[in-house]
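Asker: I have a structure here, written as structure tokens, and I will follow up with some questions on it.
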Amino acid sequence: MTIHVLTGDALLNNFPEGKLKGSIAISRECLIEGPVTANSLEEFWNQRGAYLKFTYPESDISYEDDVAFEFEKLNDLQEGDEVNLWFEHDLFCQVNLWFTISLLHEKKIAVYRVYPVIDDPDELWEGFGPMSPRELFKCYEQKILLSPEDLQLGKDLWSAYSASDNETLEKLSAVPAKAFPYLKEICKAQIERPERPVRVLKEIINGKNLSFDEIFIEFSEREGIYGLGDTQVQRIYDQLMG
């Protein structure tokens, strides 16, 4: 059995299903915000569902059916099965990747990381978005098998992140791992997240008469490492302007 875990619905649009065997699970979480600690997975799902319903009341997504259910597909994996984790390099995706690895690290399966193969450093944070099915298939061909050490690192990163343990996160960021090529930069961005996006937004807004769309574009160009969508940036912007 093979499962491809995709980082969001957008990736599904160009996903080369015809060339790849296996079923699909879609990560629809945004674990970069909201509560991420719980005593059990059931409690975790309940907390996340309540938070997202309160924070995004306009959304018509059912957390149980459209979010938790997708992750629970991983429960069907058996010894010898394969899972391919299609996650980008930015903090938004990396946090979701760490969480997904925490669900898998004890299973006797082959876990692969499929990442965006991008040569131009200026396009690094654009991820899979602009890629054609052919380009996505090339990414799959260069996937990385996660070693037991990689899986443990992913689990440890999630534990440190979910506990807001920046000291441990900084130590883990120094661990060399081909499967996490921008780990140092990502962990630094997370540690600086309480102040850095706000500071950058202030710099962008300062003395300028810009629309939010213009502000968001400039923020994404400067701080694409965070992987924040317009909804997340809008919330920071509203808090800043309020």
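The values are calculated or read from the model by the stated rules, or taken from the named source; none is laboratory data. Not measured: the values here are computed from a predicted model. Cβ sites come from the backbone with ideal geometry, for glycine too, and all protein chains shown count toward neighbours.
Asker: What helices (runs of 4 or more DSSP H) lie completely within segment 183-224 and have 3 or more residues being farther than 23 Å from His89 by Cβ? Reasoning before the result, please.
Answerer: Details: elements: 183-191, 196-205, 212-222.
Counting at least 3 such residues, we get 196-205, 212-222.
So that you can scan it fast, the table gives a plain yes or no per residue for (1) charged (D, E, K, R); (2) touching a Leu at 6+ places or on another chain (Cβ under 9 Å):
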residue	(1), (2)
Gly80	no, no
His89	no, yes
Leu97	no, yes
Val114	no, yes
Lys138	yes, no
Glu141	yes, no
Leu146	no, yes
Leu153	no, yes
Lys171	yes, no
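Asker: Determine, yes or no, whether Ile205 is closer than 24 Å to Phe44 by Cβ and aliphatic (A, V, I, L, M).
Answerer: On the way: closer than 24 Å to Phe44 by Cβ: no; aliphatic (A, V, I, L, M): yes.
No.
Asker: Further question on the same structure: Which residue, of Glu43, Glu29, is in contact (Cβ under 8 Å) with a residue 24 or more places away in the chain and either at negative phi or in the same structural domain as Pro130 (by TED's automatic domain parsing) (or both)?
Answerer: Glu29
Asker: A further question on this structure: For segment 1-118, which fully contained strands (runs of 3 or more DSSP E) count at least 2 residues that are closer than 24 Å to Pro197 by Cβ? Explain how you work it out, then say what you get.
Answerer: Values: elements: 2-6, 23-26, 82-86, 110-114.
It comes to none.
Asker: Follow-up. Could you say which residue among Leu172, Leu201 is surrounded by 15 or more Cβ atoms within 10 Å (Cβ to Cβ) and outside the structural domain of Glu88 (by TED's automatic domain parsing)? Step through it out loud before you land on a result.
Answerer: Working: Leu172 fails: outside the structural domain of Glu88 (by TED's automatic domain parsing).
Going through Leu172, Leu201 in turn, just one is surrounded by 15 or more Cβ atoms within 10 Å (Cβ to Cβ) and outside the structural domain of Glu88 (by TED's automatic domain parsing): Leu201.
Asker: So, Glu88, is that one free of Cβ contacts under 8 Å to residues at least 60 places away in the same chain and acidic (Asp, Glu) or not?
Answerer: Values: free of Cβ contacts under 8 Å to residues at least 60 places away in the same chain: no; acidic (Asp, Glu): yes.
For Glu88, the condition - free of Cβ contacts under 8 Å to residues at least 60 places away in the same chain and acidic (Asp, Glu) - is not met.
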